[in-house]
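Taking it in order: structure first as structure tokens, then the write-up.
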Amino acid sequence: MGTLSYIGRRLLATLPVMLMVAVVVFAMLRLTPGDPAAILAGDDATGAQLEKVRQTMGLDKSIPAQFASWMGQLMRGDLGVSLLSGTPVRQMIGIRMGPTLALALCTIALAIMVALPLGVIAASQRARWLDRLVMTLSALGFSVPTFVVAYLLIYLFSMKMGWFPVQGYKPLAEGIWPFAQRLVLPALALSGIYIALVARITRSSILEVMGEDFIRTVRAKGAKDSTILLRHALRNAAVSIVTIIGIGVASLITGVVVTESVFNLPGLGRLVVEAVLARDYPVIQGLILLFSFSYILINLLVDVLYTVLDPRIRY
């Protein structure tokens, strides 16, 4: 019951946050320069035509009435219709979701598989050359922007060596190799900063645990260094590591926009760029809401995982 009660409280706490996000998104787009009706009607539209478009879009109503109508649509799962294509925003998001999820999952898996061993190795070799090498590479991962890494990977592995396509995307249904071939470079480019982040936090968390009294007790009982490091130190450092992984996953949103643009992946990040350039307000609104709610839900999931890793947190 303790775990369920904790999850229930956390779910209730997210409702005001989600409402505030909706208010901010609505206000932000209403305060930006430009008239969506004018964009939809075209430059040659007459005043009467423009006013008709405004009525059709509901822009002739007061701001509170527009917000109430929009919230009613959201409660029904209706994100509106694209100003340019006339396609429902929910349908557009569904079509573009696949490449973004594939890139995000590949990036997360790569970052965890590389960063955790690097962090453990750095902690076990503290102040030695291997530790310094890992920390230097981590600093480099923080310093080099994602788009720079992306262009370097394209130049080296696509243009010079010809190992991977420069751009594009193939769904998994068309074969594992074509699918993986087009995600290797984007995942490498996007994972750099997350590998650096998780490796540094893993190292520092393990070193902090290694200074605890129970570690000295375990060592005095004759346990091997590898057993102490993996079974005791890493396990007790898991809360901090899971936290930073959760933050990294939530922060993938920014990197996805840049990476998908560089590699021409037809995902949500690329859709953001297209919608902003076209000033397609319903699409922008729907994507911001989706990204914001995803961030909130990921952090909620991390909080729930805390109750598994450290049951004391729920009380």
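The values are calculated or read from the model by the stated rules, or taken from the named source; none is laboratory data. Owing to the predicted nature of the structure, the values given are computational and were not obtained by experimental measurement. Neighbour counts are summed over all protein chains in view; Cβ atoms, including those assigned to glycine, are modelled from backbone coordinates with ideal geometry. These accessible areas exclude ligands, DNA and RNA; they are computed on the full protein's heavy atoms, side chains included. Shrake-Rupley method; radii C 1.70, N 1.55, O 1.52, S 1.80 Å.
Taking a spot 7 Å from the Cα of V166 along the direction of its beta carbon, which residues of the range 224-266 have an amide N less than 17 Å from it?
Taking a point 7 Å out along Cα→Cβ of V166, the residues of the range 224-266 whose backbone N falls under 17 Å are 260-266.
Which residue, Q55, L230, I201, has the largest displacement toward the positive end of the dipole of the chain when charges sit on each Cβ (Lys, Arg +1; Asp, Glu -1)?
Positive-most Cα among the choices belongs to L230.
From the backbone phi of the range 144-150, what are the Karplus-calculated ³J(HN,Hα) couplings (6.51 cos²θ - 1.76 cosθ + 1.60, θ = phi - 60°) in whole Hz, Gly and Pro given as x?
8, x, 4, 5, 5, 4, 4
How big is the chain along each principal axis, measuring the range of its Cα positions in Å and listing the largest first?
86, 58, 35
For S62 and D213, calculate 0.36 nm times their separation in residues minus their Cα-Cα distance, and state this gained length in nm to one decimal. Could the numbers behind the result be given before it?
Working: separation 151, 0.36 × 151 = 54.36 nm, distance 6.45 nm.
Extra length available between S62 and D213 comes to 47.9 nm.
Please compute the net charge surrounding F142, taking Lys and Arg as +1 and Asp and Glu as -1 over other residues with Cβ under 15 Å from its Cβ.
Details: positive: R200, R203; negative: none.
Charge balance in the 15 Å sphere: +2.
Round to a whole number: what % of the accessible area of the range 125-184 belongs to carbon and sulfur, probe 1.4 Å?
On the way: 2820 of 4140 Å².
Here it works out to 68 percent.
Skip the ligands, DNA and RNA, and give the accessible area per residue of the range 110-162 with a 1.4 Å probe, whole Å².
Working: 3320 Å² over 53 residues.
Heavy-atom SASA per residue in the range 110-162 reads 63 Å².
What percentages, rounded to whole numbers, describe P(r) for the range 233-274 computed over all alpha carbon pairs with 5 Å bin width beginning at zero?
Distribution as computed: 6, 23, 20, 12, 12, 10, 8, 7, 2, 0 percent.
Give me the lysines in straight-line cross-link reach of K160: C-alpha distance below 25 Å, same-chain residues under 8 apart excluded.
The reachable lysines, counting only those whose Cα sits under 25 Å from K160, are K170.
What is the set of long-range amide H partners of V81 at a cut-off below 5 Å, with H atoms built 1.01 Å from backbone N?
V89
Can you list the HN-Hα couplings for the range 220-225, worked out from phi with the Karplus curve (6.51, -1.76, 1.60; θ = phi - 60°), rounded to whole Hz and with x for Gly and Pro?
Going residue by residue, I get 5, 7, x, 5, 5, 4 Hz, with x marking Gly and Pro.
Checking the cross-link filter: which lysines have an alpha carbon closer than 25 Å to that of K52, excluding same-chain neighbours under 8 positions apart?
K61
Take every Cα-Cα pair in the range 170-315 and report what % of them are more than 28 Å apart.
Details: 4365 of 10585 pairs.
The share of Cα pairs beyond 28 Å in the range 170-315 comes to 41 percent.
Subtract the Cα-Cα distance of V23 and L230 from 0.36 nm times their separation in residues, and report this length gain in nm to one decimal.
Values: separation 207, 0.36 × 207 = 74.52 nm, distance 4.62 nm.
Length gained, V23 through L230: 69.9 nm.
Taking all pairs of distinct Cα atoms, average 1/r, flip it, and tell me the Kirkwood hydrodynamic radius of the range 66-215 in Å to one decimal place.
Working: mean 1/r = 0.0537 Å⁻¹.
It is 18.6 Å.
In whole Hz, with x marking every Gly and Pro, tabulate ³J(HN,Hα) for the range 190-197 from phi via Karplus 6.51 cos²θ - 1.76 cosθ + 1.60, θ = phi - 60°.
Taking θ as phi minus 60°, the curve returns 7, 7, x, 5, 6, 4, 4, 5 Hz for the range 190-197.
So what's the Cα pair-distance distribution over the range 73-122, bin width 5 Å, in %?
Distribution as computed: 4, 17, 15, 13, 12, 10, 8, 8, 7, 5, 2 percent.
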